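Accompanying notes for the structure given below.
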Amino acid sequence: MEDASQSKPKSSVSDFSMLMVLCRDLVASRDFYRNVMGLRVLNDQAPHWVDFDLGDGRRLGLHPEGAGRKVTPGTVQLGFSVPNVDKFITDARVMGARILQDPFDAPFGRIAILSDPDGYAVQVFTPRG
């Protein structure tokens, strides 16, 4: 039997283009990613689908959970860089976002973690330097 780790695919992925997050309340999730995270909506077809621009042709897609596809916090953690973590978390808190971990220093910069409406962890960080 051929070792799958050594075989070459007949076709391959060229670029990462989208991360899809399943949501219980698509409108609440859309509002969180648009208003709290400041992402630009590209396509708003709530309650069926919403996607956001992440730059360089990449998107964050929101899709309602359904048969065989359930919201499962802990299965993904999103990460975004921000100019100032402390200010970002202060503003997010004022907007009602749930903060999971207040800002702290890490070897690579300053970091904090908040929760989206479905409980997915969203990390924000400001790189050191």
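Can you put H63, H48 in order, fewest other beta carbons within 10 Å first? Can you show the working numbers first?
On the way: H63 16, H48 10.
Ranking H63, H48 by Cβ neighbours within 10 Å, fewest first, gives H48, H63.
Using the 10 angstrom Cβ neighbour count as an exposure proxy, how do I89, I113 rank, fewest first?
Details: I89 21, I113 18.
Going from least to most buried by this count: I113, I89.
Test of understanding: extend the Cα→C-beta vector of V41 to 7 Å, then name every residue of region 88-119 with backbone N under 17 Å from that spot.
117
Using only the C-alpha atoms of region 18-127, find the volume of their convex hull and express it per residue in Å³. Walk me through the numbers before you get to the answer.
Values: hull volume 10.8 nm³, N = 110.
About 98 Å³ per residue, rounded to a whole number.
How far is it, in nm, from the label point at D86 to the one at I99 when both lie 7 Å from their Cα along the line to the Cβ?
1.1 nm
Please give the calculated 222 nm ellipticity per residue for the chain, where each DSSP H segment of at least 4 residues contributes -39500 (n - 2.57) and the sum is spread over every residue; nearest 500 deg cm²/dmol?
Working: 2 runs with 16 residues, N = 129.
Helix contribution divided over all residues of the chain: -3500 deg cm²/dmol.
So what's the angle, to the nearest 10 degrees on a 0 to 90 scale, between helix 85-94 and the longest Cα principal axis of the chain?
The answer is roughly 70 degrees.
If neighbour count is taken as other Cβ atoms inside 10 Å, put F16, F88, F125 in order from fewest to most.
Working: F16 10, F88 22, F125 19.
Neighbour counts put them in this order, fewest first: F16, F125, F88.
Quick one: length gained pulling A67 to D25 fully straight, 0.36 nm per residue minus the C-alpha distance?
Details: separation 42, 0.36 × 42 = 15.12 nm, distance 1.53 nm.
Fully extending the segment from A67 to D25 adds 13.6 nm.
Between L78 and F16, what is the label-to-label distance in nm when each label sits 7 Å out along the Cα-to-Cβ direction?
If labels sit at L78 and F16, their model points lie 1.4 nm apart.
DSSP loop (so not H, G, I, E, B), at most 11 other Cβ within 10 Å: list which trypsin sites (Lys or Arg not before Pro) in region 58-129 pass both filters. Can you show the working numbers first?
Values: sites: R58, R59, R69, K70, K87, R93, R98, R110, R128; in loops: K70, R128.
Here the trypsin sites (Lys or Arg not before Pro) that fit, given the DSSP loop and packing criteria, are K70, R128.
The numbers here are math on the coordinates, done by the rules we state, and not lab data. Please read all numbers here as calculations on a predicted model, not as lab measurements. Here the Cβ is made from the backbone with ideal geometry for all residues, glycine too, and neighbour counts use every protein chain on show.
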